[in-house]
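Remarks on the structure that follows.
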Amino acid sequence: MKSRKSNYLLYMILVIIPIFIAFIYHMYDEINRDFIQRKEKAIWIATIHQKSLDQFIAETITTLDILALTAETELDSIDKLHPLLKKTHSKDPRYGGIYLLDPNGKVITGSNSLLTNTNLSNQEYIKEITRTKDIVISNNLETLKNGQKVIGIGEPVLNDEGQIVSIIIAHLRIDYVQNIMRLLTPDTKLSVTNSNGSVIVDINMNGSTEFSHKNSISLPIDRLPWSIKVEIPKRDLGKISKKVSLVMVPFIFICHILFLLIKYFMLKKQTAREKKENELQKLELVGTLAASTAHEIRNPLTGIKGLVQLLSEKYTNTDDQYYFSVINDEISRINEIVSEFLILGKPTAQKTEIIDTRKIIIDLEPLIISEANLNTVQYESSLPFSPVYVDCTKDQLKQVILNITKNALESMPKGGKLTITLIELPFRCQIQVSDTGSGIPEGEIEKIFQPFYTSKDLGTGLGLVVCKRILQSFGGEIQISSKVNKGTIVDIFLPIKEK
(Lines give C-alpha, C1' and ligand atoms only; values in the text may rest on other atoms or scores of the structure.)
Protein backbone atom coordinates (compact mmCIF):
# COMPACT_ATOMS: atom_id res chain seq x y z
CA MET A 1 0.00 0.00 0.00
CA LYS A 2 2.84 2.35 0.91
CA SER A 3 4.67 1.48 -2.31
CA ARG A 4 1.54 2.20 -4.34
CA LYS A 5 1.14 5.60 -2.70
CA SER A 6 4.80 6.44 -3.39
CA ASN A 7 4.28 5.41 -7.04
CA TYR A 8 1.26 7.70 -7.30
CA LEU A 9 3.21 10.55 -5.69
CA LEU A 10 6.18 10.02 -8.02
CA TYR A 11 3.86 9.88 -11.04
CA MET A 12 2.21 13.12 -9.92
CA ILE A 13 5.57 14.87 -9.47
CA LEU A 14 7.24 13.62 -12.67
CA VAL A 15 4.29 13.36 -15.06
CA ILE A 16 1.00 14.97 -14.02
CA ILE A 17 2.30 18.23 -12.51
CA PRO A 18 4.91 18.93 -15.28
CA ILE A 19 2.33 18.14 -17.97
CA PHE A 20 -0.23 20.42 -16.30
CA ILE A 21 2.31 23.27 -15.93
CA ALA A 22 3.55 22.78 -19.51
CA PHE A 23 -0.03 22.72 -20.82
CA ILE A 24 -0.93 25.95 -19.00
CA TYR A 25 2.29 27.62 -20.17
CA HIS A 26 1.92 26.59 -23.82
CA MET A 27 -1.80 27.39 -23.84
CA TYR A 28 -1.14 30.85 -22.36
CA ASP A 29 1.74 31.41 -24.80
CA GLU A 30 -0.30 30.23 -27.78
CA ILE A 31 -3.28 32.40 -26.78
CA ASN A 32 -0.99 35.44 -26.58
CA ARG A 33 0.57 34.63 -29.95
CA ASP A 34 -2.86 34.05 -31.46
CA PHE A 35 -4.08 37.40 -30.07
CA ILE A 36 -1.05 39.19 -31.53
CA GLN A 37 -1.65 37.55 -34.92
CA ARG A 38 -5.35 38.41 -34.85
CA LYS A 39 -4.57 41.98 -33.82
CA GLU A 40 -1.98 42.33 -36.60
CA LYS A 41 -4.56 41.03 -39.06
CA ALA A 42 -7.11 43.58 -37.81
CA ILE A 43 -4.53 46.39 -38.14
CA TRP A 44 -3.70 45.20 -41.65
CA ILE A 45 -7.41 45.27 -42.59
CA ALA A 46 -7.87 48.73 -41.06
CA THR A 47 -4.80 49.98 -42.96
CA ILE A 48 -6.25 48.70 -46.25
CA HIS A 49 -9.52 50.54 -45.69
CA GLN A 50 -7.71 53.62 -44.43
CA LYS A 51 -5.71 53.88 -47.66
CA SER A 52 -8.78 53.04 -49.74
CA LEU A 53 -10.88 55.80 -48.12
CA ASP A 54 -8.01 58.29 -48.33
CA GLN A 55 -7.71 57.56 -52.04
CA PHE A 56 -11.49 57.74 -52.42
CA ILE A 57 -11.61 61.19 -50.79
CA ALA A 58 -8.56 62.37 -52.74
CA GLU A 59 -10.24 61.45 -56.02
CA THR A 60 -13.42 63.24 -54.95
CA ILE A 61 -11.49 66.39 -53.96
CA THR A 62 -9.70 66.34 -57.32
CA THR A 63 -13.07 66.25 -59.09
CA LEU A 64 -14.35 69.11 -56.92
CA ASP A 65 -11.21 71.13 -57.71
CA ILE A 66 -11.88 70.75 -61.43
CA LEU A 67 -15.52 71.68 -60.99
CA ALA A 68 -14.56 74.67 -58.82
CA LEU A 69 -12.20 75.98 -61.53
CA THR A 70 -14.90 75.54 -64.13
CA ALA A 71 -17.49 77.26 -61.95
CA GLU A 72 -15.10 80.16 -61.40
CA THR A 73 -14.88 80.82 -65.17
CA GLU A 74 -18.43 79.91 -66.06
CA LEU A 75 -20.22 81.35 -63.05
CA ASP A 76 -22.26 83.72 -65.25
CA SER A 77 -23.41 80.81 -67.45
CA ILE A 78 -25.37 78.52 -65.11
CA ASP A 79 -26.82 76.71 -68.10
CA LYS A 80 -23.33 75.47 -68.99
CA LEU A 81 -22.59 74.23 -65.44
CA HIS A 82 -25.73 72.16 -65.07
CA PRO A 83 -24.83 69.64 -67.84
CA LEU A 84 -21.29 69.39 -66.45
CA LEU A 85 -22.55 68.56 -62.97
CA LYS A 86 -24.99 66.05 -64.36
CA LYS A 87 -22.39 64.41 -66.59
CA THR A 88 -19.88 64.12 -63.71
CA HIS A 89 -22.56 62.59 -61.53
CA SER A 90 -23.65 60.05 -64.13
CA LYS A 91 -20.10 58.86 -64.82
CA ASP A 92 -19.24 58.15 -61.19
CA PRO A 93 -21.64 56.07 -59.04
CA ARG A 94 -20.11 57.36 -55.83
CA TYR A 95 -22.18 60.53 -56.03
CA GLY A 96 -25.69 60.94 -54.71
CA GLY A 97 -25.68 64.42 -56.25
CA ILE A 98 -23.40 67.36 -57.14
CA TYR A 99 -24.66 70.91 -56.54
CA LEU A 100 -23.70 74.51 -56.99
CA LEU A 101 -24.63 76.82 -54.08
CA ASP A 102 -24.57 80.58 -53.78
CA PRO A 103 -22.45 82.18 -51.00
CA ASN A 104 -25.47 81.98 -48.64
CA GLY A 105 -25.85 78.22 -49.05
CA LYS A 106 -28.87 78.21 -51.39
CA VAL A 107 -28.80 75.58 -54.18
CA ILE A 108 -28.45 77.25 -57.60
CA THR A 109 -28.30 74.12 -59.75
CA GLY A 110 -27.40 70.47 -59.42
CA SER A 111 -27.06 67.10 -61.08
CA ASN A 112 -30.53 66.15 -59.89
CA SER A 113 -33.63 67.83 -58.52
CA LEU A 114 -33.44 66.47 -54.96
CA LEU A 115 -32.17 69.77 -53.53
CA THR A 116 -33.90 72.23 -55.88
CA ASN A 117 -34.41 75.62 -54.13
CA THR A 118 -33.04 74.10 -50.87
CA ASN A 119 -31.06 76.27 -48.49
CA LEU A 120 -28.16 74.37 -46.84
CA SER A 121 -26.85 77.28 -44.82
CA ASN A 122 -27.84 75.53 -41.59
CA GLN A 123 -25.53 72.60 -42.33
CA GLU A 124 -22.44 72.62 -40.12
CA TYR A 125 -20.01 71.79 -42.89
CA ILE A 126 -21.44 74.69 -45.03
CA LYS A 127 -20.87 77.05 -42.12
CA GLU A 128 -17.34 75.65 -41.78
CA ILE A 129 -16.67 76.26 -45.50
CA THR A 130 -17.89 79.86 -45.17
CA ARG A 131 -15.65 80.40 -42.14
CA THR A 132 -12.49 78.65 -43.35
CA LYS A 133 -12.87 79.14 -47.14
CA ASP A 134 -11.48 75.63 -47.55
CA ILE A 135 -12.67 72.14 -48.43
CA VAL A 136 -14.74 70.63 -45.62
CA ILE A 137 -16.21 67.16 -45.22
CA SER A 138 -19.39 66.76 -43.24
CA ASN A 139 -19.17 65.01 -39.92
CA ASN A 140 -22.75 63.71 -40.04
CA LEU A 141 -24.94 61.56 -42.24
CA GLU A 142 -27.69 63.12 -44.34
CA THR A 143 -30.76 61.32 -45.65
CA LEU A 144 -32.07 62.54 -49.00
CA LYS A 145 -35.69 62.59 -50.14
CA ASN A 146 -35.20 59.29 -51.97
CA GLY A 147 -34.05 57.66 -48.71
CA GLN A 148 -30.42 57.58 -49.77
CA LYS A 149 -27.86 58.19 -47.04
CA VAL A 150 -25.00 60.47 -48.01
CA ILE A 151 -22.08 62.45 -46.64
CA GLY A 152 -21.54 65.98 -47.89
CA ILE A 153 -18.20 67.35 -49.03
CA GLY A 154 -17.88 70.93 -50.22
CA GLU A 155 -15.32 73.28 -51.73
CA PRO A 156 -15.65 77.08 -51.99
CA VAL A 157 -15.26 78.91 -55.32
CA LEU A 158 -13.24 82.07 -54.66
CA ASN A 159 -12.77 85.22 -56.74
CA ASP A 160 -9.51 87.12 -57.17
CA GLU A 161 -10.05 88.97 -53.88
CA GLY A 162 -10.50 85.64 -52.03
CA GLN A 163 -14.21 86.09 -51.50
CA ILE A 164 -16.60 83.13 -51.77
CA VAL A 165 -18.71 83.54 -54.89
CA SER A 166 -20.22 80.03 -54.82
CA ILE A 167 -19.84 76.59 -53.22
CA ILE A 168 -19.56 73.22 -54.96
CA ILE A 169 -20.80 70.30 -52.86
CA ALA A 170 -20.99 66.61 -53.59
CA HIS A 171 -23.02 64.00 -51.77
CA LEU A 172 -21.05 60.74 -51.37
CA ARG A 173 -23.26 57.66 -51.24
CA ILE A 174 -22.78 55.66 -48.07
CA ASP A 175 -24.01 52.46 -49.71
CA TYR A 176 -21.34 52.83 -52.40
CA VAL A 177 -18.63 53.25 -49.75
CA GLN A 178 -20.00 50.20 -47.95
CA ASN A 179 -19.89 48.10 -51.12
CA ILE A 180 -16.24 49.05 -51.75
CA MET A 181 -15.28 48.16 -48.18
CA ARG A 182 -17.26 44.91 -48.28
CA LEU A 183 -15.50 43.87 -51.49
CA LEU A 184 -12.11 44.43 -49.88
CA THR A 185 -12.84 42.38 -46.71
CA PRO A 186 -16.17 40.59 -47.05
CA ASP A 187 -15.98 38.64 -43.77
CA THR A 188 -14.65 41.33 -41.45
CA LYS A 189 -16.80 43.19 -38.99
CA LEU A 190 -15.92 46.91 -39.01
CA SER A 191 -17.33 50.41 -38.87
CA VAL A 192 -16.42 54.00 -39.73
CA THR A 193 -17.23 56.53 -37.02
CA ASN A 194 -17.19 60.32 -37.03
CA SER A 195 -15.44 62.55 -34.51
CA ASN A 196 -18.44 62.21 -32.16
CA GLY A 197 -18.24 58.41 -32.23
CA SER A 198 -21.40 58.00 -34.31
CA VAL A 199 -21.34 55.20 -36.88
CA ILE A 200 -21.15 56.49 -40.46
CA VAL A 201 -20.54 53.16 -42.21
CA ASP A 202 -20.84 49.64 -40.87
CA ILE A 203 -19.88 46.31 -42.46
CA ASN A 204 -21.33 43.00 -41.23
CA MET A 205 -22.60 44.66 -38.04
CA ASN A 206 -26.25 44.02 -38.87
CA GLY A 207 -27.28 47.50 -37.82
CA SER A 208 -25.76 47.33 -34.32
CA THR A 209 -23.70 50.27 -33.16
CA GLU A 210 -21.34 48.29 -30.93
CA PHE A 211 -19.13 45.29 -31.50
CA SER A 212 -19.98 41.96 -29.92
CA HIS A 213 -16.92 42.26 -27.65
CA LYS A 214 -14.28 44.82 -26.73
CA ASN A 215 -11.47 43.33 -28.80
CA SER A 216 -11.08 45.87 -31.58
CA ILE A 217 -8.57 48.35 -32.99
CA SER A 218 -9.11 51.87 -34.32
CA LEU A 219 -7.19 53.87 -36.96
CA PRO A 220 -7.83 57.53 -37.97
CA ILE A 221 -8.44 58.46 -41.62
CA ASP A 222 -6.02 61.12 -42.80
CA ARG A 223 -8.38 63.12 -45.04
CA LEU A 224 -11.49 62.69 -42.92
CA PRO A 225 -12.39 63.49 -39.32
CA TRP A 226 -13.34 59.83 -39.00
CA SER A 227 -11.88 56.63 -37.65
CA ILE A 228 -12.00 53.04 -38.84
CA LYS A 229 -12.81 50.54 -36.11
CA VAL A 230 -12.10 46.90 -36.94
CA GLU A 231 -13.10 43.96 -34.82
CA ILE A 232 -10.22 41.63 -33.94
CA PRO A 233 -11.19 38.17 -35.27
CA LYS A 234 -12.58 35.82 -32.68
CA ARG A 235 -10.30 33.32 -31.02
CA ASP A 236 -10.28 29.85 -32.59
CA LEU A 237 -9.88 27.57 -29.57
CA GLY A 238 -9.85 24.47 -31.77
CA LYS A 239 -6.88 25.76 -33.73
CA ILE A 240 -5.06 26.79 -30.54
CA SER A 241 -5.73 23.41 -28.90
CA LYS A 242 -4.41 21.62 -31.97
CA LYS A 243 -1.15 23.59 -31.89
CA VAL A 244 -0.73 23.01 -28.15
CA SER A 245 -1.46 19.29 -28.59
CA LEU A 246 1.29 18.97 -31.20
CA VAL A 247 3.75 20.40 -28.66
CA MET A 248 2.37 18.44 -25.69
CA VAL A 249 2.41 14.94 -27.24
CA PRO A 250 6.24 14.62 -27.33
CA PHE A 251 6.46 16.31 -23.92
CA ILE A 252 4.05 13.77 -22.41
CA PHE A 253 6.07 10.97 -23.99
CA ILE A 254 9.32 12.37 -22.52
CA CYS A 255 7.74 12.73 -19.05
CA HIS A 256 6.65 9.08 -19.09
CA ILE A 257 10.08 7.94 -20.27
CA LEU A 258 11.67 9.95 -17.45
CA PHE A 259 9.21 8.44 -14.94
CA LEU A 260 9.98 4.90 -16.12
CA LEU A 261 13.75 5.52 -16.00
CA ILE A 262 13.63 6.95 -12.47
CA LYS A 263 11.28 4.16 -11.39
CA TYR A 264 13.70 1.61 -12.87
CA PHE A 265 16.66 3.07 -10.96
CA MET A 266 14.58 3.31 -7.78
CA LEU A 267 13.56 -0.33 -8.09
CA LYS A 268 17.16 -1.29 -8.80
CA LYS A 269 18.32 0.63 -5.74
CA GLN A 270 15.50 -0.82 -3.65
CA THR A 271 16.44 -4.34 -4.79
CA ALA A 272 20.08 -3.73 -3.86
CA ARG A 273 19.02 -2.32 -0.49
CA GLU A 274 16.71 -5.24 0.18
CA LYS A 275 19.46 -7.64 -0.83
CA LYS A 276 21.85 -5.94 1.55
CA GLU A 277 19.26 -5.98 4.32
CA ASN A 278 18.64 -9.68 3.68
CA GLU A 279 22.38 -10.34 3.91
CA LEU A 280 22.59 -8.36 7.13
CA GLN A 281 19.60 -10.22 8.54
CA LYS A 282 21.14 -13.49 7.47
CA LEU A 283 24.44 -12.53 9.06
CA GLU A 284 22.67 -11.42 12.21
CA LEU A 285 20.81 -14.70 12.34
CA VAL A 286 24.05 -16.61 11.82
CA GLY A 287 25.72 -14.52 14.54
CA THR A 288 22.90 -15.15 16.96
CA LEU A 289 22.98 -18.84 16.23
CA ALA A 290 26.78 -18.86 16.50
CA ALA A 291 26.77 -17.04 19.83
CA SER A 292 24.21 -19.44 21.29
CA THR A 293 25.98 -22.61 20.14
CA ALA A 294 29.68 -21.67 20.30
CA HIS A 295 29.80 -21.69 24.09
CA GLU A 296 27.92 -24.98 24.24
CA ILE A 297 30.48 -26.53 21.90
CA ARG A 298 33.53 -25.01 23.58
CA ASN A 299 32.75 -26.28 27.09
CA PRO A 300 32.70 -30.01 26.24
CA LEU A 301 35.54 -29.37 23.76
CA THR A 302 37.77 -28.15 26.61
CA GLY A 303 36.98 -31.28 28.60
CA ILE A 304 37.72 -33.54 25.62
CA LYS A 305 41.06 -31.79 24.98
CA GLY A 306 42.09 -32.23 28.63
CA LEU A 307 41.23 -35.93 28.65
CA VAL A 308 43.12 -36.47 25.39
CA GLN A 309 46.21 -34.86 26.95
CA LEU A 310 45.92 -37.17 29.98
CA LEU A 311 45.54 -40.20 27.75
CA SER A 312 48.53 -39.13 25.66
CA GLU A 313 50.64 -39.07 28.82
CA LYS A 314 49.41 -42.52 29.81
CA TYR A 315 49.74 -44.20 26.41
CA THR A 316 53.12 -43.37 24.96
CA ASN A 317 53.08 -45.88 22.14
CA THR A 318 54.01 -44.37 18.79
CA ASP A 319 50.74 -45.36 17.13
CA ASP A 320 48.77 -44.03 20.09
CA GLN A 321 50.69 -40.75 20.02
CA TYR A 322 49.90 -40.42 16.32
CA TYR A 323 46.22 -40.88 17.00
CA PHE A 324 46.35 -38.38 19.86
CA SER A 325 48.07 -35.81 17.60
CA VAL A 326 45.32 -36.24 14.96
CA ILE A 327 42.67 -35.80 17.66
CA ASN A 328 44.42 -32.63 18.93
CA ASP A 329 44.64 -31.24 15.40
CA GLU A 330 40.93 -31.80 14.83
CA ILE A 331 40.11 -30.33 18.23
CA SER A 332 42.18 -27.25 17.29
CA ARG A 333 40.32 -27.05 13.99
CA ILE A 334 36.99 -27.22 15.80
CA ASN A 335 38.24 -24.56 18.18
CA GLU A 336 39.12 -22.25 15.26
CA ILE A 337 35.65 -22.69 13.79
CA VAL A 338 34.05 -21.96 17.17
CA SER A 339 36.24 -18.83 17.50
CA GLU A 340 34.95 -17.60 14.13
CA PHE A 341 31.43 -18.29 15.34
CA LEU A 342 32.11 -16.19 18.43
CA ILE A 343 33.38 -13.28 16.33
CA LEU A 344 30.20 -13.42 14.25
CA GLY A 345 28.14 -13.25 17.40
CA LYS A 346 30.08 -10.45 19.10
CA PRO A 347 28.46 -7.01 19.42
CA THR A 348 29.96 -4.19 17.31
CA ALA A 349 31.05 -2.12 20.35
CA GLN A 350 34.69 -3.06 21.02
CA LYS A 351 37.67 -1.66 22.84
CA THR A 352 39.90 -0.10 20.19
CA GLU A 353 43.14 1.83 20.17
CA ILE A 354 45.00 4.06 17.70
CA ILE A 355 47.75 1.97 16.11
CA ASP A 356 50.29 2.49 13.35
CA THR A 357 49.19 0.20 10.53
CA ARG A 358 52.79 -0.30 9.44
CA LYS A 359 53.64 -1.95 12.80
CA ILE A 360 50.79 -4.46 12.41
CA ILE A 361 52.06 -5.51 8.98
CA ILE A 362 55.68 -5.67 10.20
CA ASP A 363 54.63 -7.84 13.17
CA LEU A 364 52.89 -10.27 10.79
CA GLU A 365 55.66 -10.48 8.21
CA PRO A 366 57.62 -13.34 9.92
CA LEU A 367 54.50 -15.55 9.86
CA ILE A 368 53.62 -14.55 6.30
CA ILE A 369 57.19 -15.06 5.01
CA SER A 370 57.34 -18.47 6.71
CA GLU A 371 54.10 -19.60 5.07
CA ALA A 372 55.20 -18.12 1.72
CA ASN A 373 58.46 -20.05 1.81
CA LEU A 374 56.59 -23.28 2.49
CA ASN A 375 54.49 -22.63 -0.65
CA THR A 376 57.47 -21.40 -2.74
CA VAL A 377 55.83 -17.98 -2.99
CA GLN A 378 57.80 -14.75 -3.30
CA TYR A 379 56.73 -12.13 -0.77
CA GLU A 380 57.05 -8.33 -1.12
CA SER A 381 55.78 -5.41 0.94
CA SER A 382 55.64 -1.66 0.34
CA LEU A 383 55.13 0.61 3.34
CA PRO A 384 55.21 4.42 3.58
CA PHE A 385 57.95 6.20 5.57
CA SER A 386 55.53 8.08 7.83
CA PRO A 387 53.15 6.44 10.33
CA VAL A 388 49.59 5.64 9.21
CA TYR A 389 47.33 5.57 12.26
CA VAL A 390 43.97 3.79 12.43
CA ASP A 391 41.51 3.21 15.28
CA CYS A 392 41.05 -0.56 15.63
CA THR A 393 41.59 -3.69 17.68
CA LYS A 394 45.14 -4.85 16.90
CA ASP A 395 44.54 -8.60 17.18
CA GLN A 396 41.41 -8.52 15.05
CA LEU A 397 43.09 -6.48 12.28
CA LYS A 398 45.97 -8.97 12.36
CA GLN A 399 43.40 -11.77 12.04
CA VAL A 400 41.92 -10.08 8.96
CA ILE A 401 45.31 -9.66 7.23
CA LEU A 402 46.40 -13.20 8.10
CA ASN A 403 43.12 -14.65 6.84
CA ILE A 404 43.46 -12.81 3.52
CA THR A 405 47.15 -13.75 3.07
CA LYS A 406 46.31 -17.36 3.92
CA ASN A 407 43.67 -17.40 1.14
CA ALA A 408 46.20 -15.82 -1.25
CA LEU A 409 48.87 -18.45 -0.45
CA GLU A 410 46.35 -21.28 -0.85
CA SER A 411 45.50 -19.97 -4.35
CA MET A 412 49.16 -20.40 -5.40
CA PRO A 413 49.97 -24.10 -4.79
CA LYS A 414 52.63 -24.03 -7.52
CA GLY A 415 54.25 -20.81 -6.38
CA GLY A 416 53.77 -17.18 -7.30
CA LYS A 417 54.06 -13.74 -5.83
CA LEU A 418 52.35 -12.17 -2.81
CA THR A 419 52.45 -8.40 -2.32
CA ILE A 420 51.20 -6.26 0.57
CA THR A 421 51.07 -2.49 -0.09
CA LEU A 422 50.08 0.20 2.41
CA ILE A 423 48.88 3.45 0.78
CA GLU A 424 47.95 6.66 2.59
CA LEU A 425 44.95 8.36 0.97
CA PRO A 426 43.05 11.53 1.93
CA PHE A 427 41.10 10.70 5.12
CA ARG A 428 41.75 6.92 4.88
CA CYS A 429 44.41 4.31 4.22
CA GLN A 430 44.45 1.36 1.82
CA ILE A 431 45.94 -2.04 2.58
CA GLN A 432 46.22 -3.91 -0.72
CA VAL A 433 46.96 -7.66 -0.76
CA SER A 434 47.56 -9.01 -4.27
CA ASP A 435 48.55 -12.44 -5.53
CA THR A 436 49.21 -14.20 -8.84
CA GLY A 437 47.11 -17.24 -8.01
CA SER A 438 44.25 -19.05 -9.70
CA GLY A 439 41.80 -16.19 -9.19
CA ILE A 440 38.07 -16.22 -8.58
CA PRO A 441 35.45 -16.72 -11.32
CA GLU A 442 33.40 -13.59 -12.00
CA GLY A 443 30.14 -15.22 -10.99
CA GLU A 444 31.49 -16.20 -7.57
CA ILE A 445 32.90 -12.81 -6.47
CA GLU A 446 29.44 -11.65 -5.39
CA LYS A 447 28.97 -14.82 -3.28
CA ILE A 448 32.27 -14.88 -1.37
CA PHE A 449 30.92 -12.70 1.46
CA GLN A 450 27.88 -14.93 1.97
CA PRO A 451 28.04 -17.03 5.16
CA PHE A 452 29.12 -20.69 4.62
CA TYR A 453 29.92 -20.18 0.96
CA THR A 454 33.35 -21.64 0.15
CA SER A 455 35.23 -23.05 -2.82
CA LYS A 456 37.64 -25.02 -0.59
CA ASP A 457 37.18 -28.65 0.27
CA LEU A 458 37.83 -28.05 3.99
CA GLY A 459 36.69 -24.42 4.22
CA THR A 460 33.95 -23.18 6.56
CA GLY A 461 32.82 -20.26 4.43
CA LEU A 462 33.12 -17.92 7.42
CA GLY A 463 36.62 -16.45 6.97
CA LEU A 464 35.78 -13.51 4.69
CA VAL A 465 32.45 -12.99 6.44
CA VAL A 466 34.33 -12.56 9.72
CA CYS A 467 36.88 -10.24 8.02
CA LYS A 468 34.13 -8.05 6.63
CA ARG A 469 32.34 -7.97 9.99
CA ILE A 470 35.54 -6.90 11.78
CA LEU A 471 36.39 -4.18 9.24
CA GLN A 472 32.85 -2.77 9.33
CA SER A 473 33.13 -2.50 13.10
CA PHE A 474 36.18 -0.24 12.54
CA GLY A 475 34.32 1.91 10.00
CA GLY A 476 36.20 0.30 7.12
CA GLU A 477 35.35 -1.77 4.07
CA ILE A 478 36.80 -4.53 1.92
CA GLN A 479 36.74 -4.88 -1.88
CA ILE A 480 37.86 -7.82 -4.01
CA SER A 481 38.69 -7.92 -7.72
CA SER A 482 39.97 -11.00 -9.49
CA LYS A 483 40.70 -12.59 -12.86
CA VAL A 484 40.90 -16.32 -13.37
CA ASN A 485 44.50 -17.61 -13.71
CA LYS A 486 45.86 -14.08 -13.28
CA GLY A 487 45.35 -13.38 -9.60
CA THR A 488 43.30 -11.57 -6.99
CA ILE A 489 43.53 -8.10 -5.44
CA VAL A 490 42.00 -7.47 -2.00
CA ASP A 491 41.69 -3.82 -0.94
CA ILE A 492 41.07 -2.92 2.70
CA PHE A 493 40.08 0.66 3.48
CA LEU A 494 40.21 2.10 7.01
CA PRO A 495 39.67 5.68 8.19
CA ILE A 496 42.87 7.47 9.24
CA LYS A 497 43.08 8.84 12.79
CA GLU A 498 45.48 11.33 14.34
CA LYS A 499 47.80 10.07 17.06
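Numbers below:
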item: Whichever residue in the stretch 90-117 is in contact with a helix residue (DSSP H, G or I) (Cβ under 9 Å, 6 or more places away or on another chain) and of a type in the set (Val, Ile, Thr) and, among such residues, is surrounded by the most Cβ atoms within 10 Å (Cβ to Cβ); result: 98
item: The stretch 470-484 residues that are over 24 Å from residue 391 (Cβ atoms), paired with ones that are open to solvent by less than 80 Å² (accessible area, probe 1.4 Å) and of a type in the set (S, T, N, Q) (beta carbon under 8 Å, 6 or more apart); result: 481/488; 482/488; 484/438
item: Failed criterion for residue 368 (all others in (1) under 30 Å from residue 483 (Cβ atoms); (2) open to solvent by 20 Å² or more (accessible area, probe 1.4 Å); (3) of a type outside the set (Ser, Thr, Tyr); (4) more than 53 Å from the chain's Cα centre (by Cα) hold); result: (2)
item: Residue in the stretch 150-166 that is closer than 30 Å to residue 232 by Cα, touching a strand residue (DSSP E or B) at 6+ places or on another chain (Cβ under 8 Å) and not small (Gly, Ala, Ser) present; result: yes
item: Selection within the stretch 45-98 - hydroxyl-bearing (Ser, Thr, Tyr) and without any contact (Cβ under 8 Å) to a residue 12 or more places away in the chain; result: 62, 73, 77
item: Selection from the stretch 422-436 of residues that are open to solvent by 30 Å² or more (accessible area, probe 1.4 Å) and assigned to a strand (DSSP E or B); result: 423, 424, 425, 428, 432
item: Qualifying residues in the stretch 352-365 (those that are free of Cβ contacts under 8 Å to residues at least 24 places away in the same chain and out of contact with any Lys or Arg (no Cβ under 9 Å at 6 or more places or on another chain)) - the one surrounded by the fewest Cβ atoms within 10 Å (Cβ to Cβ); result: 362
item: Count of residues meeting criterion [surrounded by fewer than 16 Cβ atoms within 10 Å (Cβ to Cβ) and polar (S, T, N, Q)] in the stretch 6-60; result: 6
item: Any hit, the stretch 258-273, residues being surrounded by 11 or more Cβ atoms within 10 Å (Cβ to Cβ), at pLDDT below 70 and within 20 Å of residue 450 (Cα to Cα); result: no
item: Looking only at the stretch 71-80, and only at residues there that are open to solvent by 40 Å² or more (accessible area, probe 1.4 Å) and touching a helix residue (DSSP H, G or I) at 6+ places or on another chain (Cβ under 9 Å), the one that is modelled with the highest pLDDT; result: 80
item: Failed item in (1) at pLDDT 90 or above; (2) open to solvent by 80 Å² or more (accessible area, probe 1.4 Å); (3) not small (Gly, Ala, Ser), with residue 156 passing the rest; result: (2)
item: Qualifying position, being closer than 30 Å to residue 106 by Cα, surrounded by fewer than 16 Cβ atoms within 10 Å (Cβ to Cβ) and not hydroxyl-bearing (Ser, Thr, Tyr), among 127, 149; result: 127
item: Residues of the stretch 464-499 that turn out to be of a type in the set (S, T, N, Q) and open to solvent by less than 20 Å² (accessible area, probe 1.4 Å), as a count; result: 1
item: Close pairs (7 angstrom Cβ cut-off, 6 or more residues apart or separate chains): closer than 17 Å to residue 236 by Cα in the stretch 19-33, open to solvent by 50 Å² or more (accessible area, probe 1.4 Å) anywhere; result: 26/247; 30/243
item: Residue, nearest to residue 237 (Cα to Cα), within the stretch 34-56, restricted to residues that are among the charged types (D, E, K, R) and out of contact with any helix residue (DSSP H, G or I) (no Cβ under 7 Å at 6 or more places or on another chain); result: 38
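Each row is one residue, and each column tells you yes or no for (1) free of Cβ contacts under 8 Å to residues at least 60 places away in the same chain; (2) closer than 30 Å to residue 8 by Cα; (3) open to solvent by 70 Å² or more (accessible area, probe 1.4 Å).
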| site | (1), (2), (3) |
| --- | --- |
| 164 | no, no, no |
| 175 | yes, no, no |
| 178 | yes, no, no |
| 181 | no, no, no |
| 190 | no, no, no |
| 202 | yes, no, no |
| 217 | no, no, no |
| 237 | yes, no, yes |
| 254 | yes, yes, yes |
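The values are calculated or read from the model by the stated rules, or taken from the named source; none is laboratory data. Just so it is clear, the structure is predicted and the values come from calculations on it, not from any experiment. Every residue, glycine as well, gets a Cβ built from its backbone with ideal geometry; the counts of neighbours run over all protein chains shown. Remember, those area values only see protein heavy atoms, side chains included, never the ligands or the DNA or RNA. Shrake-Rupley method; radii C 1.70, N 1.55, O 1.52, S 1.80 Å.
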